[in-house]
Each structure stands twice: as C-alpha cells, then as structure tokens.
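To start, the structure under review is shown below, and the notes come after it.
The values are calculated or read from the model by the stated rules, or taken from the named source; none is laboratory data. Bear in mind the structure is a predicted one, so any value in this text is a computation, not a measurement. Because the Cβ atoms are built from the backbone with ideal geometry, glycine has one as well, and the counts that use them run over all protein chains shown.
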Amino acid sequence: MSAPAPVAPTDADRRRWAKYLADERAEAHVYRRLAERKTGEEREILLALAEAEGRHESHWLALLGGEPSRLPRAGVRTRMLGWMAGNFGSIFTLALAQQAEARSPYADEEFATAAMAADEKVHHEVVRGLAARGRRRLAGTFRAAVFGANDGLVSNLALIMGIGATGVAPQFVLFSGLAGLLAGALSMGAGEFVSVRSQRELLDATQPSDLGDDAFLDLDLDANEVALIYRTRGVPEEEAMIRARSVLEASRAGTKPQREVQEDDEVIGSAWGAAISSFLFFASGAIIPVLPWLFGASGLLAVVLALVLVGIALMSTGAMVGILSGGAPLRRALRQLLIGFGAAAVTYVLGLVFGVAVA
C-alpha cells in the first residue's frame with residue numbers, strides 16, 4: 001500500500017519519481033537478463049527480484065498518475081549493469097548490483113513506503129548471496145590468477161627497477177626480466193599445485209567415509225554407536241541419535257546411507273586449474289614491465305613506460321578484486337598501486353646504491 005504524501009508534490013518530486021521509475025524498470029531488466037543465463041533455483045530467485053522491482057515500479061506509476069510523457073534515462077550504473085548482464089558473466093554483474101542495492105535512496109525518501117525500503121535491504125542480502133555462490137565456484141582458480149598476475153607485476157617490476165638502477169646494459173635488464181618471468185611463473189605454478197593438492201588431500205581426509213556401513217545391520221538400535229560418528233562431526237547428542245536411527249533403519253531396509261559432502265570442495269578448486277592459471281597469469285603480469293626493453297627502449301624512457309604500464313595493470317586487477325568482493329574498486333586499485341610501486345622504489349634505491357658502490 002502506498003504511503004500518503006505528507007505535502008502536495010512539486011515538479012521536483014515528480015521528476016524524482018520518474019527517475020525512480022526508470023531505475024526500477026532498468027533493474028528489473030537486469031535481473032531478467034541474468035535469469036536467462038540461469039536455471040533452477042537461481043533463475044527463480046532472479047525472477048522474483050525482477051517481480052519485486054515491478055511492484056516498486058507500480059508504486060511510482062500510481063503516484064505519477066500513469067506513464068509520464070517523457071521518461072528520464074536510468075542512472076549510468078544501472079544502464080551499465082544492463083549491458084554487463086547481456087555481455088559478461090553474472091558474477092561481475094551481481095557484484096556490482098550488490099553495491100547498487102546497498103545505496104537505495106528509499107530509506108530517506110518520504111514518498112516511498114516502509115515496505116519498499118525494507119525490500120531494498122533484503123534485495124542487497126539476496127544479491128550478495130547469489131554473488132557469493134559465484135565467488136565460491138571460482139574462488140580457487142580466481143585466487144591463483146589474481147595472486148599470480150599481481151606477483152608477476154610487482155616482483156618483475158621490482159627486479160627490473162633494481163637491476164636497471166645499477167646502470168647495466170639494456171640487454172642485461174631484458175634478460176633479467178625474462179629470466180625472472182620464467183622462474184617466477186614456474187615457481188608460482190608449482191607452489192599453487194602443491195598448495196591446492198594438499199588442501200584437497202586434507203579435505204578428503206576429513207570427509208565422512210563408508211568404512212563402517214557394512215556393520216550397520218548388526219548394530220543394536222538401542223545402543224546405537226553410529227550416533228557417536230555424528231557427535232564427532234559436531235551434531236548435538238539428541239539429533240545424532242535421530243540421524244543414527246534413521247541411517248540404521250534405512251540400511252536394514254536395503255537403502256545405502258547417503259554420504260555427507262563438505263562445501264569446501266568447490267571453494268578449493270582444481271589443483272591443475274590453480275597451477276595453470278597461476279603460471280599463465282604470473283607470466284602475463286611479469287611480461288608487462290619487460291615490454292619497454294623488449295621493444296628497444298632504454299634508460300629513463302623505459303623506466304617511465306614500465307611504471308605507467310604496470311600502474312595501469314595494478315589498478316585494473318585491484319579494481320577487479322574490489323568489484324568481485326563487493327568492495328570499493330577505487331580503494332582496492334590504489335592499494336595495489338601503492339604496494340607495487342613501493343616495492344619497486346625499494347629495489348630501485350638499492351640498485352642505485354649498489355651501482356655507485358660498483359662504480
């Protein structure tokens with residue numbers, strides 16, 4: 001039910017309502033576009049969000065007295081979400097939509113109902129939950145890719161800055177950069193493989209096993225030791241007894257007990273996927289500071305070009321992490337830039353010191 005207007009609406013109010021109407025339609029379009037790429041539960045959730053935005057749209061239409069003769073364009077962010085929904089993966093779109101839902105103006109809008117303001121808060125949590133599902137699906141490989149790219153950028157930039165500051169020939173700087181690229185990429189790939197494989201082995205060791213299933217038929221229902229299995233997994237005593245009796249009864253009825261699967265499996269990702277992505281992204285990051293020397297530049301020009309190229313890449317990866325984590329992209333971008341340039345500055349100063357000492 002629409003909230004009664006406390007005062008007669010002004011022309012400014014009507015323009016604001018028309019803007020809300022345009023935004024609600026655009027947001028509903030985003031959710032419907034995303035739903036086209038999904039199936040099952042996620043599709044239903046996205047369509048339900050679109051339906052809720054439709055209810056908000058009806059509210060503003062009622063206040064306006066019908067379709068306005070001229071509808072303003074939706075906000076730039078909302079239009080960008082619509083474009084991304086049709087051209088990119090849903091993870092990026094949902095991460096940005098999460099931020100958009102968090103900035104709803106309805107809490108301070110006197111013509112919006114309390115239910116609409118509450119809807120927007122709930123929508124933020126719903127979208128955050130959908131985005132979290134996507135983050136879990138790519139967490140292992142994405143983590144390796146981002147870490148690999150940033151490590152390649154920072155470590156090879158620091159290496160080249162340090163060696164270049166000593167005054168050696170450009171060919172030696174180029175060779176050092178390429179050697180650092182190959183050594184670092186191999187090290188990162190091998191390290192990620194061992195790390196993820198070890199995580200997976202530890203996870204497998206904690207998964208429930210079926211070693212005791214053959215003994216279920218001979219167990220005493222009243223002295224049910226299967227309950228102890230569930231209690232070791234953190235299940236309260238009464239619930240453990242209920243589960244255990246259910247398992248024994250199912251076993252005696254000829255039904256094989258269903259194994260419990262831990263959710264961490266999808267978070268860890270594939271060992272080979274993490275290793276390959278880490279190798280490739282480290283190499284792609286490490287080649288960037290080498291490019292000026294690779295194309296024949298030298299001296300101060302090569303240094304400046306390397307800093308500019310690496311700066312752009314660092315800010316891009318930082319912003320991407322910010323978007324996917326639901327945080328502020330600019331803050332993450334600047335943080336990455338400061339870390340990378342800070343490391344390069346330290347090695348550059350050391351290179352100058354060693355260069356003077358050698359001379």
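Determine if segment 153-169 includes at least one residue that is surrounded by fewer than 20 Cβ atoms within 10 Å (Cβ to Cβ) and modelled with pLDDT of 85 or more. Yes: segment 153-169 contains one or more residues that are surrounded by fewer than 20 Cβ atoms within 10 Å (Cβ to Cβ) and modelled with pLDDT of 85 or more. Can you tell me which residues in segment 64-102 are exposed (fewer than 15 other Cβ atoms within 10 Å of the Cβ) and at pLDDT below 70? Scanning segment 64-102 gives G86, N87, F88, G89.
So, restricting to helices (runs of 4 or more DSSP H) that lie completely within segment 288-359, which ones have at least 1 residues that are at pLDDT 80 or above, of a type outside the set (A, V, I, L, M) and farther than 24 Å from F175 by Cβ? Per the criteria, 299-325, 329-358.
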